[in-house]
Amino acid sequence: MLTRVLIYKRTHNDDPDSTGCFGSHDCMKSFRARRFDAVIGIGGIGAEARDNGIAGKLNWIGIGPHKRNVKGKIGPVVTFDHLLSYGTAGPDFGLVAPQLAKRIYQKNIRCLVHGYSAQELTEVNNVLRRASRAPASRPLSSSRVIHSRPTCKSKRIAFGRC
């Protein structure tokens, strides 16, 4: 049972990128540097998340993080021992984890890392089980180039390596 799980609301796809690198577009910047054992990315419920087809959905799950600092990025880039990405086809987060969804969406919480109730922690671990047999991200290497494009509310993101 993992207790340090970063759950965060997203507005767009492509971070993690197609190779499983979280931070490829420098989204969630210093949040990626926090101590966690897993990450659950869920769609926000605002206009940008709706426009990107991820509103209210479970988007991706990463378990077993491996972090590396990259010049020009605010936080480390992260790959995982297990990564499951749903893209825009993820299930409704409110159906998968109703107590967590209620807390996050009703209180407009951007991210959580700890302080889960017993019931919420049960939901977290049920979500993580979905990715427990998923393949790993590609290993980090200095030769993997991240092709950036404007994302994160249309801000230009610097090129980097993952």
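The values are calculated or read from the model by the stated rules, or taken from the named source; none is laboratory data. The model shown is predicted, which means the values in this text are computed figures rather than measured ones. Here the Cβ positions follow ideal geometry from the backbone for every residue, glycine too, while neighbour counts run over all protein chains shown.
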Candidates N13, N59 - the one that is closer than 22 Å to G94 by Cα, polar (S, T, N, Q), in contact with a strand residue (DSSP E or B) (Cβ under 8 Å, 6 or more places away or on another chain) and buried (at least 24 other Cβ atoms within 10 Å of the Cβ): N59
Scanning segment 96-116 for residues that are surrounded by 11 or more Cβ atoms within 10 Å (Cβ to Cβ) and without any contact (Cβ under 8 Å) to a residue 40 or more places away in the chain gives V96, A97, P98, Q99, K102, R103
Among the residues in segment 3-18, are any under 23 Å from K73 (Cα atoms), part of a strand (DSSP E or B) and without any contact (Cβ under 8 Å) to a residue 60 or more places away in the chain? yes
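Checking the structure you have, find out if any residue of segment 70-83 is in contact (Cβ under 8 Å) with a residue 40 or more places away in the chain, of a type in the set (S, T, Y) and assigned to a strand (DSSP E or B). It would help to see each step written out before you state the result.
Filtering segment 70-83 for residues in contact (Cβ under 8 Å) with a residue 40 or more places away in the chain gives 70-83.
Checking which are of a type in the set (S, T, Y) leaves us with 79.
With the extra rule that they be assigned to a strand (DSSP E or B), the set shrinks to 79.
Yes: one or more hits.
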What tally of residues in segment 16-26 results from selecting those that are among the small types (G, A, S), surrounded by 20 or more Cβ atoms within 10 Å (Cβ to Cβ) and on the phi < 0 side of the Ramachandran plot? 1
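For the structure I just gave you, tell me whether L58 is part of a strand (DSSP E or B), at negative phi and either within 10 Å of the chain's Cα centre (by Cα) or of a type outside the set (V, I, T) (or both).
Details: part of a strand (DSSP E or B): yes; at negative phi: yes; either within 10 Å of the chain's Cα centre (by Cα) or of a type outside the set (V, I, T) (or both): yes.
Judged against the criteria, L58 is a match.
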Complete set of residues in segment 44-56 that are under 26 Å from N126 (Cβ atoms) and either in contact (Cβ under 8 Å) with a residue 60 or more places away in the chain or touching a strand residue (DSSP E or B) at 6+ places or on another chain (Cβ under 6 Å) (or both): G44, I45, A49, I54, A55, G56
Looking at G41, G94, G64, can you tell me which residue is within 17 Å of V127 (Cα to Cα), outside any strand (DSSP E or B) and modelled with pLDDT of 90 or more? G94
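Any chance you could count how many residues in segment 62-78 are of a type in the set (S, T, N, Q) and surrounded by 19 or more Cβ atoms within 10 Å (Cβ to Cβ)?
Taking segment 62-78 as the starting set, the residues that turn out to be of a type in the set (S, T, N, Q) are 69.
From what is left, the residues that are surrounded by 19 or more Cβ atoms within 10 Å (Cβ to Cβ) are none.
The qualifying residues number 0.
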